[in-house]
1. With a 10 Å cut-off between alpha carbons and a GNM built on chain A, which of A:ALA48, A:ALA30, A:ALA72 moves the most?
2. Which of the pairs A:LYS41/B:LYS57; A:LYS14/A:LYS55; B:LYS36/B:LYS70; A:LYS20/A:LYS66; A:LYS55/B:LYS36; A:LYS55/B:LYS70 have their Cα atoms more than 22 Å apart in this structure?
3. Out of the total accessible area of chain B (probe 1.4 Å, heavy atoms of protein only), what percent is carbon and sulfur?
4. Quick one: dipole size for chain B, taken about the Cα centre, charges +1 on Lys/Arg Cβ and -1 on Asp/Glu Cβ, in debye to the nearest 20.
5. Tell me the relative contact order for chain A as a rounded percent, counting alpha carbon contacts under 8 Å between residues six or more apart.
6. Kindly tabulate the residues in region A:15-49 with an accessible-area decrease of at least 50 Å² between the chain alone and the assembly of all protein chains, using a probe of 1.4 Å.
7. Can you give me the relative contact order of chain B as a percent, contacts being Cα pairs under 8 Å and 6 or more apart?
8. Which percent of the accessible heavy-atom area of chain A goes to carbon and sulfur, probe 1.4 angstrom?
Amino acid sequence: GAVVSQHPSRVICKSGTSVKIECRSLDFQATTMFWYRQFPKKSLMLMATSNEGSKATYEQGVEKDKFLINHASLTLSTLTVTSAHPEDSSFYICSARGGASGIYNEQFFGPGTRLTVL
Amino acid sequence: GQQVMQIPQYQHVQEGEDFTTYCNSSTTLSNIQWYKQRPGGHPVFLIQLVKSGEVKKQKRLTFQFGEAKKNSSLHITATQTTDVGTYFCAGHLGSARQLTFGSGTQLTVLP
């Protein structure tokens with residue numbers, strides 16, 4: 001199956017700093033990538049959808065200036081959490097979808113990044 | 001609020017017992033996908049159903065999509081300890097382009 005990597009897998013940072021998370025599709029071209037946030041024992045909440053070469057579409061309630069998303073190539077999307085605060089601590093997961101067969105393709109998930117803001 | 005609900009939220013079964021999780025949507029779904037997330041891991045795609053009333057099987061797992069395309073179920077026969085994890089349904093609500101995940105059912109299998 002398709003492989004999606006995420007880096008870093010775990011990050012601890014001080015409040016006020018910015019953190020960048022990378023999501024890469026390793027063996028396919030991902031026309032669309034998704035960023036989710038998951039709290040302990042909770043479901044995945046979609047934060048934003050990014051399409052290569054265009055601006056990301058953010059879900060309601062997600063601050064676009066705080067969670068900067070860049071999808072510069074068909075294999076890489078980045079999420080930058082700017083001026084992180086303890087309430088931003090969470091498990092961030094990206095997923096990627098190839099575009100050949102339309103929007104109902106399965107999504108391949110990265111291993112996730114656990115962010116802890118002190 | 002959560003538009004795709006799953007019940008039960010938690011289920012403990014003895015190894016060898018059957019298990020079923022139910023997924024219900026307030027809106028018609030264009031498709032339904034099922035994912036499994038092991039503790040500490042990330043969601044892994046299991047299957048997709050598209051047609052009304054569709055039933056698919058994967059070894060001990062049986063997936064159903066309701067006639068009205070508003071509900072789905074996952075049934076595991078004779079559970080094993082390797083089945084432990086959280087099972088999520090996910091689907092496209094109406095013509096929405098994004099996938100909406102269900103609330104998940106956490107399965108514990110006691111040896």
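1. Evaluated over chain A, the most mobile residue of the options is A:ALA72.
2. Working: A:LYS41/B:LYS57 27 Å; A:LYS14/A:LYS55 28 Å; B:LYS36/B:LYS70 20 Å; A:LYS20/A:LYS66 12 Å; A:LYS55/B:LYS36 30 Å; A:LYS55/B:LYS70 32 Å.
Going by Cα-Cα distance, A:LYS41/B:LYS57; A:LYS14/A:LYS55; A:LYS55/B:LYS36; A:LYS55/B:LYS70 fall outside the 22 Å limit.
3. Details: 2660 of 5210 Å².
Exposed carbon and sulfur together represent 51 percent of the surface.
4. Values: 10 positive and 6 negative charges, 80 e Å.
With only Lys, Arg, Asp and Glu charged at Cβ, the dipole is about 380 debye.
5. Values: 291 pairs, mean separation 43.1, N = 118.
Worked out over chain A, it gives 37 percent.
6. So the qualifying set is A:LYS41, A:SER43, A:LEU44.
7. On the way: 288 pairs, mean separation 41.8, N = 111.
Answer for chain B is 38 percent.
8. Values: 3060 of 5800 Å².
Its accessible area is 53 percent carbon and sulfur atoms.
The values are calculated or read from the model by the stated rules, or taken from the named source; none is laboratory data. Bear in mind that the values here come from a model prediction, so they are computed numbers and not experimental data. Note: ideal-geometry Cβ built from the backbone for every residue, glycine included; neighbour counts use all protein chains shown. Remember, those area values only see protein heavy atoms, side chains included, never the ligands or the DNA or RNA. Shrake-Rupley method; radii C 1.70, N 1.55, O 1.52, S 1.80 Å.
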